[in-house]
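Student: Handing you this structure, nothing more for now.
The values are calculated or read from the model by the stated rules, or taken from the named source; none is laboratory data. Keep in mind the model is a prediction, meaning the values are calculated, not measured. No Cβ is skipped: glycine too gets one built from the backbone with ideal geometry, and neighbour counts run over all protein chains shown.
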Amino acid sequence: MKRLLLAGVVLAASIAGSGPVWADPVEDTLEIDGMPIVTQTAAPEGHPFDEVYSGWLFRSAETRDLERDTFENPGMIAVEDGEAMWNTVMGSEGKSCASCHEDASVSMKGVGAHYPKWDADSGKPINVELQINKCLTEQMGAEPLPFNKNGQRELTAYIKHQSLGMPVELDLTEGDMQSWWDRGKDVYYTRTGQLNLACASCHETAMGKMIRADHLSQGQVNGFPTYRLKNGLTSLHQRFRGCIRDTRAEQPKAFSDDLMALETYVTWRGTGLSVETPSVRQ
């Protein structure tokens, strides 16, 4: 317990500015297979920053280079697995994703850049993972994919990869999206856990600082699912839950209302950045 309390004191002190080293995002440009990727742009109105930065600008040169070439990007293996799933018949209706949507490079282009979207059937925002499950159960007669299992991350990565280079943009006028944005903002700024930290503690107040070997970014989500060098392909809600765990708080379930609201708000914070899926992070 003493070690836990001490760790909390040290981390809180670092974030408060009593010792970490400043390390601004690097000045660099990203092209993936010749496609320009926007990694820095003006923030949308009402944003706490003047400019938004992709997490790519906060990584080492070696990690940045891995993302420049899809042949070198280790996350592309998951995209290939997702493509196989796209063309696999699943469920009692004898359909694959391709049965309805055909060539994903055409039908899914731009789709991943605009989720979460409003889902009138559930009266909630829906993300790509939940949309996949909706199609599986309602159109294909198949079982929904469990969180992070049975190819959920891979199929999500494949679908989002079709929007590579396209700007992130949400429509907050759909349904009740604005109220979910408001709820997500509350979640973002609420301190939780034994370490008493909020998302904003690291990704806003301490953005750009070095804590141990980690360079704190703005926490943008335009590259998820992302390939993390220390644990492989990582989904957005997996990362949300991991961050909450690190504050020593109880982890909410994936796709819970709080996390869907948080996804809505955090995605908006990256408005104008290019989709990078699968991005490469440390």
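Student: Just checking, which of 156, 137, 63 is polar (S, T, N, Q) and free of Cβ contacts under 8 Å to residues at least 40 places away in the same chain?
Tutor: Selected residue: 137, the only one of 156, 137, 63 that is polar (S, T, N, Q) and free of Cβ contacts under 8 Å to residues at least 40 places away in the same chain.
Student: When only residues in the stretch 116-137 that are under 19 Å from the mean Cα position of the chain (by Cα) and assigned to a loop (DSSP other than H, G, I, E, B) count, which is surrounded by the most Cβ atoms within 10 Å (Cβ to Cβ)?
Tutor: Checking each candidate, the answer is 116.
Student: Quickly run through the stretch 166-205 and pick out the residues that are within 19 Å of the chain's Cα centre (by Cα), in a loop (DSSP other than H, G, I, E, B) and more than 27 Å from residue 245 (Cα to Cα).
Tutor: Of everything in the stretch 166-205, those that are within 19 Å of the chain's Cα centre (by Cα), in a loop (DSSP other than H, G, I, E, B) and more than 27 Å from residue 245 (Cα to Cα) turn out to be 166, 168, 169, 170, 171, 172.
Student: I've got another one for you. Go over the candidates 208, 223, 219 one by one and state the one that is closer than 19 Å to residue 63 by Cα, modelled with pLDDT under 95 and touching a helix residue (DSSP H, G or I) at 6+ places or on another chain (Cβ under 9 Å).
Tutor: 208
Student: Test residue 229 against the criterion of being touching a residue at least 60 places away in the same chain (Cβ under 8 Å) and in contact with a helix residue (DSSP H, G or I) (Cβ under 9 Å, 6 or more places away or on another chain), and give yes or no.
Tutor: So residue 229 fits the description; yes.
Student: Moving on to the next point. Across the stretch 266-282, what is the number of residues that are touching an Asp or Glu at 6+ places or on another chain (Cβ under 8 Å) and crowded, with 18+ Cβ neighbours inside 10 Å?
Tutor: 4
Student: Suppose we filter the stretch 148-165 for residues that are at negative phi, within 15 Å of the chain's Cα centre (by Cα) and part of a loop (DSSP other than H, G, I, E, B); how many remain?
Tutor: The qualifying residues number 2.
Student: So residue 252 fits all but one of (1) in contact with a helix residue (DSSP H, G or I) (Cβ under 6 Å, 6 or more places away or on another chain); (2) under 29 Å from residue 42 (Cβ atoms); what number is the exception?
Tutor: Only one criterion is unmet by residue 252, namely (2).
Student: Are there any pairs, at least 6 apart or on different chains, whose C-beta atoms fall under 6 Å, with the first in the stretch 100-113 and closer than 23 Å to residue 272 by Cα and the second of a type in the set (Lys, Arg) and surrounded by 15 or more Cβ atoms within 10 Å (Cβ to Cβ), and if so, which?
Tutor: Close Cβ pairs (under 6 Å, with a partner that is of a type in the set (Lys, Arg) and surrounded by 15 or more Cβ atoms within 10 Å (Cβ to Cβ)) amount to 112/160.
Student: Can you name every residue in the stretch 85-102 that is farther than 16 Å from residue 225 by Cβ and either buried (at least 20 other Cβ atoms within 10 Å of the Cβ) or of a type in the set (A, V, I, L, M) (or both)?
Tutor: Those that are farther than 16 Å from residue 225 by Cβ and either buried (at least 20 other Cβ atoms within 10 Å of the Cβ) or of a type in the set (A, V, I, L, M) (or both): 89, 90, 97, 98.
Student: Among the residues of the stretch 103-115, write down those that are of a type in the set (D, E, K, R) and surrounded by 14 or more Cβ atoms within 10 Å (Cβ to Cβ).
Tutor: Answer for the stretch 103-115, where residues must be of a type in the set (D, E, K, R) and surrounded by 14 or more Cβ atoms within 10 Å (Cβ to Cβ): just 109.
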